[in-house]
1. Counting only the heavy atoms of the protein chains, how much of residue 296 is accessible to a 1.4 Å probe, in Å² to the nearest 10?
2. Going from most exposed to least, what order do 143, 184 have by accessible area with a 1.4 Å probe?
3. Given a 1.4 angstrom probe, what's the average accessible area per residue across the stretch 13-117, in square angstrom?
4. Per residue, what accessible area does the stretch 328-413 have, given a 1.4 Å probe and all protein chains present, in Å²?
5. Give the carbon-plus-sulfur fraction of the accessible surface of the stretch 156-279 in %, rounded to a whole number; probe 1.4 Å, heavy atoms of protein chains only.
6. Given a Förster distance of 41 angstrom, what is the FRET efficiency for residue 188 paired with residue 208, based on the Cβ-Cβ distance and rounded to 0.05?
7. Take 100, 374, 33 and sort them by solvent-accessible surface of the protein heavy atoms, 1.4 Å probe, largest at the top.
8. Nearest 0.05, what FRET efficiency do residue 50 and residue 92 give at R0 = 35 Å with Cβ-Cβ as r?
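The values are calculated or read from the model by the stated rules, or taken from the named source; none is laboratory data. Because the structure is predicted, anything quoted here is derived from the model rather than measured. Heads up, the Cβs are rebuilt from the backbone with ideal geometry, glycines too, and the neighbour counts pull from every protein chain shown. Note: accessible area is taken over every heavy atom of the protein model, side chains too, but ligands, DNA and RNA are not part of it. Shrake-Rupley method; radii C 1.70, N 1.55, O 1.52, S 1.80 Å.
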Amino acid sequence: MSSDRTDEKEAAPARRRAKRSLSRRLVIVAAVWSTVALVAAALVLVALYREAAEREFDARLDVYLRAIIGEMAGGTPEEPAAPGNLGEPRFDLPASGWYWMVTRETTGKVVFASASLFGDQLDLPAPAPGAVMRSSITGPRGLELRVVQRTIIFGEAAAYRIAVAGATDELRSREADFAGQVALTLIVLGLGLVGAIVLQVRIGMKPLVALRASLSDVRRGDAEAVDEDLPPELAPLAQELNALVRSNREVVERARTDVGNLAHALKTPLSVILNELRGREDPVAAKVSEQAELMRSQVQHHLERARMAAQRRVIGVSSDVEPVLDRLVRAMAKIHRGRGIDVAFEGGEGIRFRGEAQDLEEMAGNLLDNACKWARSSVDVRVTRMESDRGGPRFTVTVTDDGPGLSPDEMDEAVKRGRRLDETVPGTGLGLSIVVDLAKLYGGDLKLARDSGGGLSARLTLPCL
């Protein structure tokens with residue numbers, strides 16, 4: 001038992017996922033895809049901006065590098081001219097983050113340096129001869145520097161390494177600002193996209209909602225056909241549903257006609273046989289008459305069951321419970337007024353039986369008739385609605401009398417076809433068995449129990465809307 005409960009608990013999330021609405025699935029899928037696309041777009045935009053900003057920064061350092069080379073060329077190979085501040089005041093500010101340095105390649109001795117180094121040196125990687133090398137290093141005060149360096153040969157043997165460096169904090173700050181602006185912009189865009197998706201799904205699902213409402217009207221009996229005024233993608237579905245409804249009704253009508261023909265075909269010969277035997281006293285006539293009556297009873301039962309089975313398969317049939325039971329209660333109160341039977345009725349408001357009113361009247365009428373026959377002074381009829389996970393919503397009709405009641409064995413016998421527990425009470429003995437058969441055809445059931453007051457309590461459960 002515990003393992004079964006565990007399996008049910010494990011299966012519950014799967015059932016909830018299976019029942020997730022189509023609209024929610026579409027919105028979730030579109031939102032996830034939009035989020036992934038926007039995040040990817042943000043990463044690409046930030047990467048492109050970083051690359052462009054670094055190219056611009058390197059181009060600026062290249063200008064300073066060429067300016068230093070140009071100024072050094074004004075001297076001799078052994079004694080090049082000293083570069084000036086290159087038009088950038090930060091090269092003259094100590095530890096400003098902007099530096100340049102010229103070293104002799106052969107000795108590694110610093111020949112010239114910007115005032116911003118303030119006697120310090122840059123720890124440079126060795127460049128390839130004749131090529132411009134770009135790299136990132138850690139400079140004075142731990143700042144990250146972007147460095148452009150090149151080895152220049154003046155004359156035949158005078159080689160100098162020239163390096164220009166700039167702090168990247170401003171560059172990284174601009175990149176962070178740009179990334180924040182991109183993120184904010186794409187978040188707003190993403191929210192707008194999700195809102196547009198939700199609106200699009202709702203507008204797109206409206207025809208399906210209309211189709212469901214129209215089909216629900218047919219099922220409840222408020223309409224005879226599904227509305228076919230739908231978009232081209234759904235109109236064929238509505239047409240097929242209407243064809244199914246028409247086919248179902250035609251099948252039911254043919255079944256009713258066949259049942260009626262069979263009833264007339266069988267009842268007439270049985271009536272003739274009984275009329276011919278009426279008044280005869282011999283044992284054979286009595287036996288034949290007894291069997292003919294039994295045949296008529298059985299034919300009536302099976303024809304009634306076939307008729308109800310045909311009606312059960314009609315699509316779009318429903319009926320209000322309260323008017324049917326109220327009419328039955330008033331009729332039974334009048335019929336049994338001479339015996340002083342008080343018939344009380346409670347509940348049923350707003351409940352619709354998923355079937356025809358005459359079927360409900362047949363089942364409830366049999367229960368009320370039996371209760372009134374056996375009751376001493378009162379019969380109570382109560383209707384309640386209950387929700388069920390399996391088979392949809394249901395309602396119960398509970399009929400309780402204050403009669404002698406039945407034992408468990410007698411309750412089993414009472415629902416058997418044609419079984420009568422007391423020959424002194426008028427009837428064919430088919431009432432409760434018909435109720436049981438009809439309830440099963442509708443997916444319901446009938447249960448008998450002993451009431452706390454000693455009488456019989458009959459509980460009929462049927463589907464509702």
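1. Rounded to the nearest 10, the figure is 90 Å².
2. 184, 143
3. Averaged over the residues of the stretch 13-117, the accessible area is 59 Å².
4. 50 Å²
5. With neighbouring chains kept in place, the figure for the stretch 156-279 is 60 percent.
6. 0.85
7. Per-residue accessible area, sorted high to low, gives 33, 374, 100.
8. The computed FRET efficiency comes out at 0.75.
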